[in-house]
1. Determine the pairs where a residue that is touching a residue at least 12 places away in the same chain (Cβ under 8 Å), located within the stretch 139-151, has a partner that is outside any loop (DSSP other than H, G, I, E, B) and basic (Lys, Arg) with Cβ atoms under 9 Å apart, the partner being 6 or more residues away or on another chain.
2. Kindly establish whether residue 128 is at pLDDT below 85, surrounded by 12 or more Cβ atoms within 10 Å (Cβ to Cβ) and polar (S, T, N, Q).
3. Within the stretch 213-253, how many residues turn out to be assigned to a loop (DSSP other than H, G, I, E, B) and either surrounded by 10 or more Cβ atoms within 10 Å (Cβ to Cβ) or at pLDDT 95 or above (or both)?
4. Residue check, residue 149 against (1) modelled with pLDDT of 90 or more; (2) over 19 Å from residue 224 (Cα atoms), all met but one. Which one?
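The values are calculated or read from the model by the stated rules, or taken from the named source; none is laboratory data. Everything numeric in this text was worked out from a predicted model, so none of it was measured. All Cβ positions, even for glycine, are placed from backbone atoms using ideal geometry, and neighbour counts span all protein chains on display.
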Amino acid sequence: MKKATQIGVWAAAITLLALTALPCPAADSAVLRNGFSIRHERREVIGKITRLYVDGDNSGFVDVPTEEIDHFETLPVEVAPIEARKVEPAAHAGFLASAENLGRPVDLNDVVKAASGTYRLDPDLVNSVIRAESGFNVRAVSPKGAQGLMQLMPQTASELGVQNAFDPRANVDGGTRYLRELLERYDFDLIKALAAYNAGPQRVEQYGGVPPYYETKAYVARIVRDFNKKKLAAKTAAQPVAPKASASKSTSASASTTRARKSVPQTKAKANSTQASE
């Protein structure tokens, strides 16, 4: 009887825990080669890219080149008390407004192209800044409080009119606009503009250029290197590649030409063979 009573107490305790705590969905983390990680609910390989869905309802995703992903890690399941999950009416209204903006899947490439077109910047440059700032993590938060893809500080986001720094469209639009303003401020000196984006305009003006901070120097160098790499790859891809005929096709075409025109000299036959293969 005593044992049955103990079982009943344990059952009641387990039921109480189940009612007061709700498990959050399990998630994984994609660890990139540059050291950044992207938390996501699920992933899908599409050609040479891996699409990481950052929300459980697939309302947002980030496309990352598969070769840039080092490995995946399984994140522990978090358990949050119901009290911690309660949302005040005002906050809930704000969340719904944000949800309307994220009602359809977000293609980061389209977001970057739109913002780059609005503020007349190279999309590759904006992508390089996003890579250095957040590693394409929509929910990234720095120790200093910078938020989102382009790591906007709350005050800067407010000045730019960005109400939700975790909204990819609003964040990239605000960050791209800010980068454009910095470029104009420094007569389109990209190095100074990037340094100001990282350390603040006051530091750039204080030191007359890139501040003597290792973090800022490494940040600027990383973006410039990544941007140049993109441009070099695009230039290489744009160069026409001369067609190469295989040895077997060349030999076959040469033999066919020789049989059809026995009176043609050997040198001219080779020329005709080359034309045929082309």
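1. Final answer for the pair search is 139/39.
2. So residue 128 does not fit the description; no.
3. Filtering the stretch 213-253 for residues assigned to a loop (DSSP other than H, G, I, E, B) gives 213, 239-246.
Applying the additional criterion that residues be either surrounded by 10 or more Cβ atoms within 10 Å (Cβ to Cβ) or at pLDDT 95 or above (or both) yields 213, 245.
Summing the residues that are assigned to a loop (DSSP other than H, G, I, E, B) and either surrounded by 10 or more Cβ atoms within 10 Å (Cβ to Cβ) or at pLDDT 95 or above (or both) in the stretch 213-253 gives 2.
4. So the condition that residue 149 fails would be (2).
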